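The values are calculated or read from the model by the stated rules, or taken from the named source; none is laboratory data. Since this is a predicted model, take the numbers as computed values, not measurements. Positions of Cβ are backbone-derived with ideal geometry, glycine not excepted, and every protein chain shown enters the neighbour counts. Ligands, DNA and RNA are stripped out before the accessible areas are found, and what is left, the full protein with its side chains, is counted by its heavy atoms. Shrake-Rupley method; radii C 1.70, N 1.55, O 1.52, S 1.80 Å.
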Amino acid sequence: MTSLRAHAAAGDLLTGFAVVPSLLRDDAAYTNVVREQANLIVAENAMKWAALRPSATRYDFDDADMLLNFAEQGRMKMRGHNLLWHRGIPQWFTAMATPANAKQLLQAHIETVVGRYAGRMHSWDVVNEAIQISDGRPDGLRSSPWLRLVGDDYIEVAFRSARRADPQALLTYNEYGIEAENAQDEAKRQAVLLLLRRMRARHVPIDAVGVQSHISAGTKYGDGLLRFIRGVRELDLQVFVTEMDVNDRSLAPAIAARDATVAQTYKDYLDLVLSEPAVTVIVLWGVSDRDTWLNHEDSRQDRVPERPLLFDDRFRPKQDFYAVRDAFDQRHPVHPSLNG
Ligand code: 9MR
């Protein structure tokens, strides 16, 4: 009753974690936390091309199947991540794809993967991280392999294929670097809004925008993000916080002060975005500090382990767990019986 999922549900929110199949198989403490706390999960990596497509002719669905079964048994919804990204493209694809066959390869992948789970998924990240202002194109599109191989309409192709394969799943455009109050993030927000408007004008099927929310402790988020969320809502799209964590890179290493600042950053950010009714989903990018990607890819210069998630390395809830729960309550206070 004190769980995140109970407090989220009281405010009609979905919440949960990016999860790892091997941990759900082998780690009981990890699995218990996910079962207790989440009413939605997403695969951190297990539904990417690199995981699903060992070769051009083979699909490996073992992990993805396991995750969806786990979700359904635990009465959790599941998001799919992702159908198209400029990273994690398998080597066989790079070797064999040409402008003549790439569109067909993309469509076949989406039809097969989305079709397999049709009717069972909450949503799919159809296109991930397609804007890169520094690539210099007037439309802001990243000069990714997909753009080169499939052409300017690759985003549209992906969304239309996904809708055909599963008319029920909410189709999402997912992006990072659109959260902060600086010129770079503002330019990216504008480019995303323009992309969404172009898609709307062409009746491309899309239902939601994912704001990844890999944010930084001690940073103030504000009006730019709010204006963006309102702009998305005016296009009749929902907003999902899809990959939230709070890196503590800029903070001194002492743990107590670091945890307090991380917790405050979670609270301030969620208070801000949850003031907007368009925001309906909050996903954390991992369960415990033991397993965060931040200690591999974007780690601190002093090599002290980061503490960006809600549970510590022994799965004890940290201050930020309570901060997130309070932010959910602020959106919609839970019934007193839930406050056990
Ligand atoms: O957390 C993910 C990490 O384990 C993978 O090695 C990496 C490459 O596939 O992707 C990480 O997740 C990324 C997500 O898929 C898209 N947004 C940024 C996330 C962090 O890099």
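Kindly provide the set of residues from region 45-71 that are open to solvent by 60 Å² or more (accessible area, probe 1.4 Å), assigned to a helix (DSSP H, G or I) and away from the ligand (no atom under 15 Å from the Cβ), ordered by number.
If the condition is that a residue be open to solvent by 60 Å² or more (accessible area, probe 1.4 Å), assigned to a helix (DSSP H, G or I) and away from the ligand (no atom under 15 Å from the Cβ), then ASP62, ASN69 are the ones that fit.
What residue, of ARG75, ARG79, ARG87, is loosely packed, with under 14 Cβ neighbours inside 10 Å, within 23 Å of the chain's Cα centre (by Cα) and closer than 20 Å to ASN174 by Cα?
Result: ARG87 is the single residue among ARG75, ARG79, ARG87 that is loosely packed, with under 14 Cβ neighbours inside 10 Å, within 23 Å of the chain's Cα centre (by Cα) and closer than 20 Å to ASN174 by Cα.
Identify, from the list ALA191, ALA208, the residue that is away from the ligand (no atom under 14 Å from the Cβ) and over 19 Å from PHE17 (Cα atoms).
ALA191
Those residues that are open to solvent by 20 Å² or more (accessible area, probe 1.4 Å) and within 16 Å of the ligand (Cβ to nearest atom), I need them from region 90-124; list them, please.
GLN91, THR94
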